[in-house]
Amino acid sequence: MQRVVDNALAVTKESVKTFTYEWVNNVVRVINEISALLLALLPGKAKMLEGVQGWELRPTFRGPRFPRWMENGVSSFNQFIHELSVDSDVSSVEYSSGEEDSDGYETPESPISQSSRASSDSATNHGRHPMHWMQVIWLWIVVSIKFLLGPPFHLFKLAYSGVSKAPSTSTNQDPSQVPSHKRVQSHKDQIIHRATDKRRGLIEDLHLGIEISIEAVFDFVHKAVHLLLSPSETYEKLTKLFSSYKHDHDSGEDTSASTTTLGENDPTPTEGNASSRQPLNTDGRTCQDVITEFGYPYEAIHVVTADGYVLLLERIPRRDATKAVYLQHGILDSSMGWVSNGVVGSPAFAAYDKGYDVFLGNFRGLVSREHRDKNISSRQYWQYSINEHGTQDIPAMVEKIHEVKTAELKLSKPDIEEEANDGQPYKLCAVSHSLGGAAILMYVVTCRLEEKPHRLSRLVLLSPAGFHHDSNLIFSVVENVVLMVPSLSRIFPAFYIPTRFFRMLFNKLARDLQNLPAVGGLVQTLMGYVVGGDSSNWVGVLGLPHYNMNDMPGISFNVGIHLAQIKRTKRFRMFDYGSAAANMEVYGSPEPLDMGEHYGVIDIPVDLVAGQKDHIIRPSMVKRHYKLMKDAGVNVSYIEFEYAHLDFTFCHHEELLSYVMSRLQLSEPNQNHQGNKKPLRLRRKQELSASG
């Protein structure tokens, strides 16, 4: 009777799994088809998706592929390991996960057990031959009759073949002798173990959650039925349970003390902590993880700004190199952008391979709110504009680079010839993107006006911010809203995802958008509309590891106000505090300092790079920088590439890397770091002093 019940439960469980999988896949298919329909109706979709790898320009009405981790019962990486082991003659007859349970029996296949192979295969091929409900019923009838009339153990072998697999050579126990409840428990443990795999996406997690739930329910039913059909065994277990409870109650103090001691020495908590490094299957890799995985050296330097913000300056060190490069990201980005394309296509790795000591800067503005004041409030932390990026963040990081490089070179090369003006035994070039370009221009101009050394030998600015009046209608609407309702900064001090739960959802949805072609293409197209037709791979960027549940970059509301001010005035100015008195206190003049009017103080070569497909910072706005610098006598160059805004850092373009590396190599020892000529002063400030 027990065998008949086990047979019925096994077939029922597989049928429930099949029905559930098909229902979920049909829902996902409908969502993808609706997205494909909307994408087909949207105008200009080909332009939005042009050059973006992985998206269909003409999506078809079909369901998405089944998650890769469920393909053919094993993940692609595990399949590779399996084939490698077969080639090396170090394997068993059948593939398994290689892990054994406490009974000496190997766990079933990962990530789907053989008992679920039928449902897995049907779900995998649902896009080609979806299983009809009549087929499921017919399969239920045929299989039930076959196994109820045939050898009873045959069904059990099919249902739990992955669990009842032959053990290692040192064990000769017949699999049929293994208790059925142990086989079910081992199968459930194997499924839960799969939750530690590096996997992302809400749909993939939904499939896993469904399987865990089904396994848990049927495991409970199996145990309950087993106890009802075996009253003697049930009585024996209840007797043992009652006696053990009475014994624990009588010697509770000794038992608790013993448990505490075992818990301290047991390595299990350590394993649990290790598995929690990737909580809820999100990608929490850092820039350090990416760099070290490729075999490059890494160093983290914590920098504290004058106003107390703690910044992370990351480094791919060449300690004896006399040439260094400082890479600074733009808005809603981090140092990850410079290494996200891997060894071949990332500027950071390309510079290191050319012999540079590479420093990767990170602006303030993370959800973690790193600050010297541990009790700083959210509103206080986000009270900054582009001014602080250019006058606080970059100066702190550049001075730290100078401190580190000077100390290291004096130790490794004590006889190295130093520059006469500032004792700098190395050359430091800067490569900046978007907002980082505007901030570093602000840094150089303010240093020169204040007669401070900026330590830089050359600037390579990739689509730099600073001028934005030539933009689309959406940006104009945002400008008016931000400037007309400044009180919003009291309610929303910054734009970011505040809780770990919603950041986790964001991280997983980014993966789903990459797995569903039509949905991802729709989001990509809509993002292109919002940013004025820019065809950057927005969906791919959202999947970068720095957008994870633990931390991610945000935008201060004051940075948005500052950009709106720049757009409205059509001038690259510092932050306007709203009154002549406030500006006078900060700048010494009733109006903010205009960077463009003081480009003449720039004493190093500047290379400007624009993107012909960039609709966020259009080439006309980069040319505005070029014209003002050229008129002011700055050694400046200008070039355009057929890129969108994010292509400068996110996409692999050999011609861009070659150009950037060639400009860095043109850097000569700067003879005018301090400036042989006296730097210019603020004209308004001079007039005010003269009149006073």
_For a quick check of your reading of the model, give me the residue pairs whose first member lies in region 373-397 and is farther than 17 Å from residue 495 by Cβ, whose second is polar (S, T, N, Q) and surrounded by 21 or more Cβ atoms within 10 Å (Cβ to Cβ), with beta-carbon atoms closer than 6 Å and at least 6 apart or on different chains._
391/446
*Could you say whether any residue in region 577-589 is assigned to a helix (DSSP H, G or I) and among the aromatic types (Phe, Trp, Tyr)?*
yes
*asked:* Anything in region 309-353 that is within 16 Å of the chain's Cα centre (by Cα) and part of a helix (DSSP H, G or I)? List them, or say none.
replied: 335, 336, 337, 338, 342
_Which numbered condition residue 404 misses (of (1) among the hydrophobic types (A, V, I, L, M, F, W, C); (2) crowded, with 23+ Cβ neighbours inside 10 Å; (3) more than 29 Å from residue 574 (Cα to Cα))_ = (2)
*Out of all the residues in region 582-611, which are in contact with a strand residue (DSSP E or B) (Cβ under 9 Å, 6 or more places away or on another chain) and either among the basic types (Lys, Arg) or closer than 20 Å to residue 663 by Cα (or both)?*
602, 604, 605, 606, 607, 608, 609, 610, 611
*So which pairs qualify, if the first residue must be in region 291-303 and in the same structural domain as residue 345 (by TED's automatic domain parsing), the second must be of a type in the set (Gly, Ala, Ser) and surrounded by 16 or more Cβ atoms within 10 Å (Cβ to Cβ), the Cβ gap must be under 7 Å, and the two must be at least 6 apart or on different chains?*
303/396
*Which residue out of 629, 621, 584 is crowded, with 21+ Cβ neighbours inside 10 Å, free of Cβ contacts under 8 Å to residues at least 40 places away in the same chain and of a type outside the set (Ser, Thr, Tyr)?*
629
_For residue 318: the one exception among (1) modelled with pLDDT under 75; (2) of a type outside the set (Gly, Ala, Ser); (3) closer than 30 Å to residue 411 by Cβ_ = (1)
*Please give the helices (runs of 4 or more DSSP H) falling wholly within region 426-527 in which 1 or more residues are crowded, with 23+ Cβ neighbours inside 10 Å and assigned by TED's automatic domain parsing to the domain that holds residue 612.*
435-449
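The values are calculated or read from the model by the stated rules, or taken from the named source; none is laboratory data. From a predicted model like this one, the values you see are computed outputs, not experimental measurements. Neighbour counts are summed over all protein chains in view; Cβ atoms, including those assigned to glycine, are modelled from backbone coordinates with ideal geometry.
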